[in-house]
1. Counting Lys +1, Arg +1, Asp -1, Glu -1, what net charge surrounds I299 among other residues with beta carbon under 12 Å of its beta carbon?
2. Tell me which residues come under 5 Å, amide H to amide H, from V59 once H is placed; ignore anything under 5 positions away on its chain.
3. Can you tell me how much longer the chain between L402 and K332 gets when fully stretched, taken as 0.36 nm per residue apart minus their C-alpha distance, in nm with one decimal?
4. Ordered by residue, what ³J(HN,Hα) values in Hz, to whole numbers, does the range 47-53 give under the Karplus form 6.51 cos²θ - 1.76 cosθ + 1.60, where θ = phi - 60° and Gly and Pro are x?
5. Distance between Cα centroids, the range 70-119 to the range 228-253: provide it in whole Å.
6. So what is the relative contact order for the range 302-352, in percent, with contacts set as C-alpha pairs under 8 Å and at least six apart?
7. Order these by the 10 Å Cβ neighbour count, fewest first: V59, V225, V74.
8. Listing I3, I80 from the residue with the fewest other Cβ atoms within 10 Å to the one with the most, what is the order?
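We did not get these values from a lab; they are worked out from the coordinates using the rules stated. This structure is a prediction, so every number in the text was calculated from the model and none was measured. Cβ sites come from the backbone with ideal geometry, for glycine too, and all protein chains shown count toward neighbours.
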Amino acid sequence: MKIGIIKEGKVPPDFRVALTPKQCKYIVDSYPEVEVFIQRSPIRTFKDDEYEALGLPLVDDLVNCDVIIGVKEVNLEDLIPGKTFMFFSHTFKKQSYNRVLLAEILKKNIRLIDYEVIKNERNIRLIGFGRYAGIVGCYNGFRTYGLKHNLYTLKPANECSDRKEVESELQKIKLPNNFKMVLTGFGRVGHGAREIMSLLPIKEVKPQEYLSGDFNVPVFTHLEVEHYFEKKDGTEFIRNEFYKDPELYDRGFQKYVPQTDMYIPCHYWSSRSPKILTQNDLAKDNNRISVVADISCDIADPIASTLRPSKVANPIYGYDPSSGEEIDYMEKNAIAVMAVDNLPCELPKDASEDFGNELIKHVLPALIGSDDKRIIERASQTDLNGNLMPDFAYLEDYVKGLE
């Protein structure tokens, strides 16, 4: 099998890569039947000569490869007929902006394996950049808090050479003794955020203690869904029921608003679920929240202050809760919002290494050898004959532009 590492072509550029030079060398050494080719790239965080130094051949195109691996959506002109491509296509939710991409993949008889639907037999995702979204997003949240309140100044994560430098910057953080923060969401993103929290001088407390206790040290609480959603009829919260029928539930985050200085959402939110923070919540006199570092970044929906995604170069904007409009985040009445939607790009080397490790551990054996657990089969949206796979037949009208 010949595997090709594609040159990322999206604009603005993405510096990440699916496999680092050392990981490619490991694959070649571990699987004698596999060759890995590197398409030359001027932007990749790992330079061409780093791959070449390990004996990995550099090529101008990947036409001789069987499987082509990237990170972001591949440009239409870079799709090679009859090949297997693996990348984040952002099509399985019927995203309108990538309909043409999926149509072209089918037209060119390409098998698309989408990272976002690579799951095990229990329907749990096996690979993603979520951990580093949590790490960078949490760091950015504390950077935003320091700027908003003129307490300290952290170096932007994208200007740090690596995660080690990011962690060294945390020593500058000086929080008020009455500082209180809420974190929602677990999974890769939430646990990534907790990696930053574990390095900070801040105590974790249980949700009820957070609401009722008096503290003279900075504290945070990490909420499960039952802590910020409530059953409409007042009966007991049932987790499985909430995920199945979220319409039976109502908002419950309001009780944290008067107690909280900073909120970091890391949750997955369904459009069928209740809102979390409304404009009315944030406009009340008892609102204490001054910073929302929205790692989840669902635009203008569950959290009213997240008006738009922000960019790495300009990550913070302000939200005026009285008008619902965007303002300068340093205005006295503004809530500072950090809503960067491509957070792992800020630490491309570390994020790439973490992603590649997961790819090698969870995906590569099934791709190269036997796919007994149907990991690759379930993640293949299309086949090499120009058809949607059965699990993705629901995309047919979407591809045709009928919905």
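1. Charge balance near I299 sits at -3.
2. Correct list: I38, Q39, R40.
3. 20.4 nm
4. 3J(HN,Hα) across the range 47-53, in whole Hz: 6, 3, 5, 5, 6, 4, 4.
5. For the range 70-119 versus the range 228-253, the Cα centre distance is 36 Å.
6. 35
7. V59, V225, V74
8. In increasing order of surrounding Cβ atoms, one gets I80, I3.
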